[in-house]
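None of the figures in this text is laboratory data; all of them are computed from the coordinates on show. Since this is a predicted model, take the numbers as computed values, not measurements. Positions of Cβ are generated from backbone atoms using ideal geometry, with glycine treated the same way; all protein chains shown enter the neighbour counts.
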Amino acid sequence: MSPLEILQTRFGYSSFRLEQEAIIQSVLQKKDTFALMPTGGGKSLCYQIPALVLDGLTIVISPLIALMKDQVDALRINGIEAAYINSTQSYQEHEIILNKARTKELKLLYLAPEKLLRPESTFFTTLTSFEISLIAIDEAHCISHWGHDFRPEYLMLAQLKRALPHVPVIALTATADHLTRKDIVEKLELHQPATFVSSFNRANIRYTVEPKRNSFEKLSTFLEERKDESGIIYCLSRNSTETLAKDLADEGYKALPYHAGLEKELRMRHQDLFLRDEIKIIVATIAFGMGIDKSNVRYVVHMDLPKNIESYYQETGRAGRDGLKSEALLFYSYADVSKMKRFVEVDDNPEQTEIYLKKLEQMAQYGNLTSCRRKYLLNYFDETTSDYCGNCDTCLTRFEMVDATVVSQKALSAVARLQERFGVNYITDFLRGSNTTKIREEHKHLKTFGIGADVSKEEWSHILRELVTHEYLMKSDGDYPVLKLTPQSIAVLKGNVTVMLTHPKERIDVRKQNSDYETALFQQLKEVRRQLAIVENVPAYIVLSDATLIELATYLPHGLEEFARITGFGQVKLEKYGKRFGEVVTDYCKGHQLKSRIHLKSPKQQRRERPEQDTDTKQQSLELFRLGHSIEKIAEIRGLSPTTIEGHLAFYVQQGKLAVDRVMNTAKIPAIREVVEKMGGKVLTPIKESLGGGYSFGEIKLTIAHLEFLKSKQ
């Protein structure tokens, strides 16, 4: 089968996303490949589909047990033989799995890097004796000292390339700047890798930053509207995760903590309860999450400032992996920046410390923005975009310009009186006349002490940030920056300049219930999914995603033919679950006097596809066909499947370079054409099921190619 057919029949998607197709073709051409794709962008398909096309075993290096289990469960539900080996299993279990790999019963084997390359083990030698067709290294940024999640055991992975020089390696990550990308390629010893960098934009995620003051009250308000939704809340320390989880539980939320200090069994139980939707909120340190594939996380909240943009992007990217609207909320205080500095310093390594401090300052700039937050994130990863995204708090806030000359003079006077030796927090407390031991006694006698007591702490923070942005103030360099005057400050203090600053006027409320789908049916479908997940012993989202259930509750399909048009229903899931979900939809429609709305759905193939390219491998198939060889003979000569050869020839039929009557019996075309036009799509399996016996996948594919050629000539 071709990669597109595998995508459709095994995984239930009609077309590739982002750079998936080009990446897969690179791997199938046996090239080393580096792929940088956004969290939730479909990285795993970039090696899972080649694994099913290639003859041997695909080895997947993955850093976390939870990720391995998740992906293996999802593959098995789609009818794909996969397994993992990790520290949770016994020696006997390992041997059973290795025997399956040895006898070619497995297509994918997931491993942790430390298991693969443990010095005293013979595992590496055993593994390299198998027929390995592909090595996939997930979360590849872990190999780089400059990455945000460096893991020393990843440094040993270059041994794989040395031991198996002719096996292609694909390295995948969601977050890596230029320095990290270069480091990954060098440390893995990739040979002239094809490099693919997809858009980082997660358009379905709304980015919001709130001042940290009264954060628990603000969090409670946020969660009140989201009681039935799954979310992750990140905290800096282990104690704060436990305290917050308890406080939320006391408020009636199903919340549990997760951090590295918990007993392993308890930690894994909490994670499993979250993955299975038995609790709605996991309150965690950064120990939780890398590779967590739960698709229906609707929000990610950061109670504390992350160390860098890469971590923030990856952590927020755990929301909305199913493509539905989701939220990323950060509670920000500049005090967090000072607190975080001790966490990013690396002993006896000033160069790395300098890089980490710079990354922390860039994270602080994100918290201080009054411009589009999405633009800032995308620009950080060298991606250009417009100044307005329409889905972050700054873009959704109406600002007005106000005359802030008087408050600006107060702020500048305070900086001057304090001899330009203090930072934002001290200046703010000084202006407000705060009764705190932090304020030196001699400063309490200055005329400007308490001159801004009528302005809130949050407002002063906003004013000082704006004054820095407009260069009426500047911040010094170093670990503990202080505020200093600029040449423009004097003109303001003398009253020669009018200072206009922005003031938030109105936040546009765009959180609305989607009324396009039957919400009662959606809940019924979720319950059926939960029951099936218990039987399968997997998280519910692995059975079907929320996005798929919403499509069912929107278009109300009747019969397997219509179900095949719903995203997420591949051939295996259609056979396993189609009838059960079909009964629920049909019963609901009868009870509410509703009919199928599938005619309102755009054809499943709605994403714009990259035009298929002519390649050497296609040309070889065409030349052999023109020499008079049958499709079966060409497949035998080239060591490929007949389906792949049919796909090559269909390409030339669509291009008009090969007449369809030379490849198939044209008497079959009218019947195939009728079904194709009736179904309004190109997913082969339901078309073939509708036609019945006597028609092959190849004939359907060739007919579609012929119809596209005729359409291009009109």
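Data for the structure
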| item | result |
| --- | --- |
| Cα pair distances exceeding 24 angstrom across segment 616-713, given as percent | 20 |
| Those lysines that a straight Cα-Cα span of less than 16 Å connects to Lys447, excepting residues fewer than 8 apart in one chain | Lys410 |
| Degrees between helix 65-77 axis and first principal axis of the chain (Cα, 0 to 90, nearest 10) | 30 |
| Interchain or long-range residues, amide H under 5 Å from Val60's placed H | Leu109, Tyr110, Leu111, Ala136 |
| Value of D in µm² per second that Stokes-Einstein yields for segment 77-190, Kirkwood Rh from Cα pairs, at 10 °C (1.306 mPa s) | 105 |
| Relative contact order for the chain, counting Cα pairs under 8 Å that sit 6 or more residues apart, in percent | 13 |
| Segment 398-507: relative contact order as a whole-number percent, Cα under 8 Å and 6+ apart | 42 |
| Exposure proxy ranking, count of Cβ atoms within 10 Å, fewest first, for Leu18, Leu446 | Leu446, Leu18 |
| Reach of Lys254 by Cα under 16 Å, taken over aspartates and glutamates that are not fewer than 8 positions away in the same chain | Glu224, Glu225, Asp228, Glu229, Glu242, Asp272, Asp277, Glu278 |
| Residue-averaged [θ]222 nm for the chain, counting only DSSP H segments that reach four residues, each worth -39500 (n - 2.57) | -14000 deg cm²/dmol |
| Calculated from backbone phi, Karplus (6.51, -1.76, 1.60) coupling profile of segment 643-655 in Hz, x at Gly/Pro | 4, 5, 5, 4, x, 4, 5, 4, 4, 6, 5, 5, 7 |
| Backbone HN-Hα couplings from phi across segment 589-597 [Karplus 6.51/-1.76/1.60, Hz, Gly and Pro as x] | 5, 5, x, 10, 6, 10, 10, 4, 10 |
| Cα long-axis angle, helix 546-555 against the chain (0 to 90 degrees, to the nearest 10) | 70 |
| For segment 233-381, convex hull volume per residue from C-alpha positions, Å³ | 134 |
| Segment 137-212-segment 220-272 distance, computed between alpha-carbon centres (Å) | 30 |
| Residue pairs, from the table Lys280/Lys359; Lys218/Lys444; Lys526/Lys579; Lys668/Lys688; Lys325/Lys601, whose Cα atoms sit over 22 Å apart | Lys280/Lys359; Lys218/Lys444 |
| Overall Cα dimensions of segment 398-507, principal axis frame, Å, largest first | 40, 30, 29 |
| For His302, residues with placed amide H under 5 Å, excluding near neighbours | Tyr234, Leu329, Leu330, Phe331 |
| Three semi-axes of the equivalent ellipsoid, segment 409-467, Cα gyration tensor, whole Å, largest first | 16, 12, 10 |
| Answer label for semi-axes √(5λ) of the Cα gyration tensor in Å (calculated), chosen among (i) 60, 27, 23; (ii) 52, 30, 26; (iii) 43, 38, 22 | (ii) |
| Isotropic mean projected area of the C-alpha convex hull, segment 3-197 (nm²) | 10.1 |
| Fewest-first ranking of Val584, Val538, using other Cβ atoms within 10 Å as the exposure measure | Val584, Val538 |
| Quarter of Cα convex hull surface for segment 186-268, i.e. mean projection, nm² | 9.8 |
| Inverse mean reciprocal Cα-Cα distance (Kirkwood Rh) of segment 519-597, Å | 12.4 |
| Residue order, fewest to most surrounding Cβ atoms within 10 angstrom, among Lys264, Lys576, Lys30 | Lys264, Lys30, Lys576 |
| Calculated from backbone phi, Karplus (6.51, -1.76, 1.60) coupling profile of segment 189-206 in Hz, x at Gly/Pro | 6, 5, 9, 6, x, 6, 10, 10, 10, 8, 4, 8, 6, 9, 4, 7, 9, 8 |
